[in-house]
Amino acid sequence: MNELKNPWKTIQVKKVYDNPWIEVSHRDVITPGGGEGIYGKVHFKNLAIGIIPLDEDYNTWIVGQYRYTLDEYSWEIPEGGCPLKTAPLDSAQRELQEETGISARKWTPVLELTTSNSVTDERAISFVAQNLSFGVSSPEETEELAVRKLPFSDLVKMIEKGIITDALSVATILKVKLLIDKGEL
């Protein structure tokens, strides 16, 4: 198998939905096995950004909000969108301040991932923010957030108990735990 050669062939693309954040398309394709098929693709117009703020005692802050798409409450690391032509760090700094009121002097990129690559091209980048200062949050109109301070070690327990299930949060928390365990953070 040649990892650089795309075995899929696109025959036709039809845009079925478009808004400022996503575009959904229906695609007629030839599959890697040579058969005719269909594919739906959700194209994201922003990069997903996640942040774990850490103070010198390894405390952190998470946000809780009701997620419309899931019809349930969700605890997550501070997250948001980054327009594709914007520097991810600029968006991470903005999101952390908006959602928690926290600013940081030290930023470390820790993770890049694809969120659900069977149906979407969304990519995500997450950071650890350190050397923190505190101000007033300013959430967007679409956000009704609860902000909670807790020891970082409690985040891993929240994953184990199924309390934190958001993919970017889970991946970032586990990556940061590895970096802390290795003495790199």
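Some notes on this structure:
- Listed by first and then second residue, the pairs linking a residue in region 67-85 that is not assigned by TED's automatic domain parsing to the domain that holds Pro53 and among the aliphatic types (A, V, I, L, M) to a residue that is modelled with pLDDT of 90 or more and buried (at least 19 other Cβ atoms within 10 Å of the Cβ), with Cβ atoms under 7 Å apart and 6 or more places separating them unless they lie on different chains, form an empty list.
- Close pairs from region 152-164: first in the same structural domain as Val63 (by TED's automatic domain parsing), partner among the charged types (D, E, K, R) and part of a helix (DSSP H, G or I), Cβ under 6 Å, at least 6 apart: Val156/Lys177
- Qualifying residues in region 37-76 (those that are surrounded by 12 or more Cβ atoms within 10 Å (Cβ to Cβ) and part of a loop (DSSP other than H, G, I, E, B)) - the one nearest to the chain's Cα centre (by Cα): Lys45
- Scanning region 164-178 for residues that are surrounded by fewer than 15 Cβ atoms within 10 Å (Cβ to Cβ) and over 17 Å from Ala48 (Cβ atoms) yields a single hit, Leu178.
- Selected residue [touching a residue at least 40 places away in the same chain (Cβ under 8 Å), crowded, with 17+ Cβ neighbours inside 10 Å and not in a strand (DSSP E or B)] from Leu111, Leu185: Leu185
- Residues within region 130-152 that are buried (at least 16 other Cβ atoms within 10 Å of the Cβ) and either assigned to a loop (DSSP other than H, G, I, E, B) or out of contact with any Ser or Thr (no Cβ under 8 Å at 6 or more places or on another chain) (or both), tallied: 2
- Check on Thr100, under 28 Å from Lys45 (Cα atoms), surrounded by fewer than 17 Cβ atoms within 10 Å (Cβ to Cβ) and within 18 Å of the chain's Cα centre (by Cα): no
- Output for region 134-151, where each listed residue is farther than 22 Å from Tyr58 by Cβ and either without any contact (Cβ under 8 Å) to a residue 40 or more places away in the chain or touching a His at 6+ places or on another chain (Cβ under 6 Å) (or both): Val136, Glu141, Thr142
- Members of region 160-176 that are over 22 Å from Arg123 (Cβ atoms) and assigned to a helix (DSSP H, G or I): Glu160
- Residue match in region 57-70 (condition: closer than 20 Å to Lys177 by Cα and among the basic types (Lys, Arg)): no
- Any hit, region 14-36, residues being among the β-branched types (Val, Ile, Thr), surrounded by 15 or more Cβ atoms within 10 Å (Cβ to Cβ) and in the same structural domain as Lys175 (by TED's automatic domain parsing): no
- Residue in region 1-12 that is surrounded by the fewest Cβ atoms within 10 Å (Cβ to Cβ), counting only those that are over 27 Å from the mean Cα position of the chain (by Cα) and aliphatic (A, V, I, L, M): Met1
- Among residues of region 1-19, those that are farther than 15 Å from Gly37 by Cβ and not in a strand (DSSP E or B), counted: 6
The values are calculated or read from the model by the stated rules, or taken from the named source; none is laboratory data. Remember, it's a predicted structure, so these values are computed and weren't measured experimentally. We place every Cβ from the backbone using ideal geometry, glycine too, and count neighbours over all the protein chains shown.
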